[in-house]
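The values are calculated or read from the model by the stated rules, or taken from the named source; none is laboratory data. Small disclaimer: the values here were computed from a predicted structure and weren't measured. As a convention, Cβ positions derive from the backbone with ideal geometry for all residues, glycine included, and neighbour counts pool all protein chains shown. Note: areas computed on protein heavy atoms with side chains; ligands, DNA, RNA excluded. Shrake-Rupley method; radii C 1.70, N 1.55, O 1.52, S 1.80 Å.
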Amino acid sequence: AAPLPAPDTYARPFARRLAACGPSARALVAACAVLGGRTTLHLAAKVATAAASATPASSRPTARPAGARAVVRAAGVAWIGVPSVQALDGLAGALDALDEAVTAGVLEESPGRVIGFTEPLARAAAYGRLGAGARARLHLAAAGAVEDAGEALRHRAAAASGPDEALAGELARYAAKAAQHGLWEEAAAHLEVAAGLAESAARRDELLTAVLEHVLMGGDVGRAAELAAVRNADPRPVRRYVLGRLALASGRLDEAAGLLASAWRDREPGFAADVAEQLAWLHLVTADHEGAAMWARAAIEEPIQGAAARPYDVLVLSSPDAERRREEPEGGVAAAVRRLREDDAAGARRLLAGTVAALAESGPTHHRLLASALLAVAEYAGGHWQDAVARAEHAAAEARQLGQLWLLPLLEVACVAPLEAQGEHGRALAHATAARAWARRLRHPLGEQQADLAMMLLGEMPAGQAMAVLGPERGGPFAPDPWPGLVEGLIAEGRLDEAESRLSALAGPQPARLRGLLLAARNAPAAAEESLAAALDLVRGGVWPLEEGRALLDLGRLLRRTGRRRAAAERLHAARAIFGKLGAAPLAARCDQELEACGLEPPATVRLGLTPQELSTATLVAGGLTNRQIARELMISVKTVEYHISKIYTKLGIGSRVALAAKLGEAS
């Protein structure tokens, strides 16, 4: 907790600058070094004066040491030149001392009489030159002058000359209060100081276990791993719980299972709820949803809940049909996940934005990262795609930096949908691939399942294989439900009976649109138009902008193919406006193709000699889509796509996708 020393190459010239100052200025600098950071002139002068009052008369210098070298050699109080009590008495004396220190380039002043060192190393150089006695007196003076109780305790600890069990107890009690408010880093810092003051090795080990737990709660898994590597003979079950928590955060799931199970067997009321909650998260990560729900309920039933308890979050994530309990918080992740499942993206976004902000102030880091990823999911559903991408990618980067490996597969997956919707397929695929790689490396079944969902969304799996992998699952909290896309793929592939059998399992506004596509494929245009119009009514008004745009696009395509080109163009223009606002480049391009096929605008087909269907296919080929993805986009079979590509190559006299992209670029 002490400042790192400044190197001699810096400390020597700093000492010469300080030597040019009188005793009062040097005393002010010493007070600033002990207070640390920026402080007020009044407080620094008060500390310097109080320390001078406590200095034995025989230790006070009567004159400034002669020359810079003498000042550097002088030790302790003599070096800083602690003045008499009157030297800094009053504003005038303090201002004169400050003027000297500023002129020497040691201190600087900001508005409001706020003072501090000109650079960080200056504080380290000044603090390092203080003798032990001067340092203790200044810290004691600071303890009596500062208003913050935690800061006062730290100063008292810095002034201690050896073990002090009473002071260690005060520090531990203060840390407990800080932890109650979610101030994990502050609690860990006080506990670490308390451990250094403990008289017995057993008590020191207990306090260091608490340090490890609070560092983990603060989210820094890397530092926690370093602390865990230090020898500690703490035999209590709580030590196994903390090490189990560290193993889970580090992605060592088998080790976490053993440690947490052992801690639960020897549990105590004070941390039993925390053990149960960690076991719930472990079962969720290993895709044992029933076990996760059971342990979450066990955590809820424990009489004592920790300050960071979030069992309702894991209960809702593991058990979609779990009844809402009276004790469940109105806000937070659990309530937001329920809103997402009810297709209330706006409500979920409001709740999660407040939750993320609250957890940033005081809360476990891993809960904040999870809430951030879910907020990105809600932002995607509500059409705020740029925000969703920025938030999800930032959460994933922070998790990597902190060593929160167990979250990485889920956070990487949250990046995929908004990127793919904006046409950034390569970037989306990189996140999905990273999610799969992390999940397999960590043996993380939930992460692997979510990564598979992301791959399905990207069209990297054929519909049949995707359904075999997915089974009866309906997606997950971090990846959109893949079934609507799979049903659309079945319709495009002509597997209409299979698509219809899957439609009955879907919920929300999407089934009406998909039924319209199915009816259109069965050559029932009137019924298809009615179903698409009903789908549009369900999502009109911006409640689900992406689905509204899709319904308008599909209706426009149907109207064009039944000869009502002007009505089709009206819907297609509306869809184009929605997709443009969202940044949905692929869907906006499809609207442009359909509008051109309406024949109401100058066609590019004339310049290239392609039919509208061929131009649509060529544009998607040039955009990097596979034949299977193109079939899904245009609702035609893969064989038809291959036929169109062959005709396009013949008409344009080319033989590759690269050459096709170049031709389209020339014609645009």
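What to note about this one:
- Output for the stretch 122-141, where each listed residue is open to solvent by less than 30 Å² (accessible area, probe 1.4 Å) and either more than 20 Å from Leu153 (Cα to Cα) or touching a Lys or Arg at 6+ places or on another chain (Cβ under 9 Å) (or both): Ala122, Ala124, Ala125, Ala126, Leu130, Gly131, His139, Ala141
- In the stretch 198-300, counting only helices (runs of 4 or more DSSP H) that sit wholly within it, the ones holding 1 or more residues that are within 24 Å of Arg326 (Cα to Cα) and either open to solvent by 40 Å² or more (accessible area, probe 1.4 Å) or charged (D, E, K, R) (or both) span 272-285.
- Of all residues making up the stretch 620-631, the number that are open to solvent by 50 Å² or more (accessible area, probe 1.4 Å) and part of a helix (DSSP H, G or I): 1
- Scanning the stretch 1-53 for residues that are surrounded by fewer than 16 Cβ atoms within 10 Å (Cβ to Cβ) and touching a strand residue (DSSP E or B) at 6+ places or on another chain (Cβ under 8 Å) yields Gly37, Arg38, Thr40.
- Highlighted here are the helices (runs of 4 or more DSSP H) found entirely within the stretch 376-434 that include at least 3 residues which are surrounded by fewer than 22 Cβ atoms within 10 Å (Cβ to Cβ): 385-402.
- The stretch 521-563, residues that are small (Gly, Ala, Ser) and part of a helix (DSSP H, G or I): Ala521, Ala526, Ala527, Ala528, Ser531, Ala533, Ala534, Ala535, Gly549, Ala551, Gly556
- Scanning the stretch 337-366 for residues that are in contact with a helix residue (DSSP H, G or I) (Cβ under 7 Å, 6 or more places away or on another chain) and under 30 Å from Ala176 (Cα atoms) turns up Leu351, Leu352, Ala353, Thr355, Val356, Leu359, Ala360, Pro364, Thr365, His366.
- Count - residues of the stretch 225-258 that are free of Cβ contacts under 8 Å to residues at least 40 places away in the same chain and either among the hydrophobic types (A, V, I, L, M, F, W, C) or in contact with a strand residue (DSSP E or B) (Cβ under 9 Å, 6 or more places away or on another chain) (or both): 12
- One residue from Val72, Val82 being of a type in the set (Val, Ile, Thr), modelled with pLDDT under 90 and not in a helix (DSSP H, G or I): Val82
- Candidates Arg350, Arg339, Arg310, filtered to the one that is within 22 Å of the chain's Cα centre (by Cα), of a type in the set (Lys, Arg), closer than 14 Å to Pro477 by Cα and open to solvent by 30 Å² or more (accessible area, probe 1.4 Å): Arg339
- Taking the criterion of being without any contact (Cβ under 8 Å) to a residue 60 or more places away in the chain and open to solvent by 30 Å² or more (accessible area, probe 1.4 Å), the residues of the stretch 525-550 that qualify are Pro525, Ala526, Ala527, Glu529, Glu530, Ala533, Ala534, Asp537, Leu538, Arg540, Gly541, Arg550.
- Residue selected from the stretch 442-476 under the condition within 20 Å of Leu490 (Cβ to Cβ) and among the charged types (D, E, K, R), by the criterion modelled with the lowest pLDDT: Glu473
- Only one of the numbered conditions (1) buried (at least 19 other Cβ atoms within 10 Å of the Cβ); (2) without any contact (Cβ under 8 Å) to a residue 60 or more places away in the chain; (3) β-branched (Val, Ile, Thr) is not met by Ile636, and that is (2).
- Evaluation of Leu317 against the conditions (1) open to solvent by less than 40 Å² (accessible area, probe 1.4 Å); (2) out of contact with any Pro (no Cβ under 7 Å at 6 or more places or on another chain) shows that the sole unmet condition is (2).
- With respect to the conditions (1) among the polar types (S, T, N, Q); (2) over 20 Å from the mean Cα position of the chain (by Cα); (3) under 20 Å from His444 (Cα atoms), Ser262 falls short on a single one, namely (3).
- For the stretch 581-591, filtering for residues that are within 21 Å of Arg566 (Cβ to Cβ) and either within 31 Å of the chain's Cα centre (by Cα) or among the hydrophobic types (A, V, I, L, M, F, W, C) (or both) leaves 2.
Table: residues versus (1) modelled with pLDDT under 90; (2) closer than 22 Å to Gly222 by Cβ.
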position	(1), (2)
Asp344	yes, no
Thr355	no, no
Leu359	yes, yes
Ser362	yes, yes
Ala373	no, yes
Ala376	no, no
Gly382	yes, no
Asp387	no, no
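- Positions within the stretch 637-657 being more than 16 Å from Gly623 (Cβ to Cβ) and out of contact with any Asp or Glu (no Cβ under 9 Å at 6 or more places or on another chain), in sequence order: Lys639, Thr640, Glu642, Tyr643, Ser646, Tyr649, Thr650, Leu652, Gly653, Ile654, Gly655
- In summary, Ala439 fulfils each of the numbered conditions (1) open to solvent by less than 30 Å² (accessible area, probe 1.4 Å); (2) touching an Asp or Glu at 6+ places or on another chain (Cβ under 6 Å); (3) modelled with pLDDT under 90 with the single exception of condition (3).
- Selection status of Arg173, in contact with a helix residue (DSSP H, G or I) (Cβ under 6 Å, 6 or more places away or on another chain), part of a helix (DSSP H, G or I), among the charged types (D, E, K, R) and open to solvent by 10 Å² or more (accessible area, probe 1.4 Å): no
- For Glu493, the requirement of being over 23 Å from Ala381 (Cβ atoms) and touching a Ser or Thr at 6+ places or on another chain (Cβ under 9 Å) is met.
- Condition met for Ser668 (within 24 Å of Arg564 (Cα to Cα) and at pLDDT below 80): no
- Tally of residues being more than 36 Å from the chain's Cα centre (by Cα), farther than 14 Å from Leu18 by Cβ and open to solvent by 10 Å² or more (accessible area, probe 1.4 Å) across the stretch 93-121: 8
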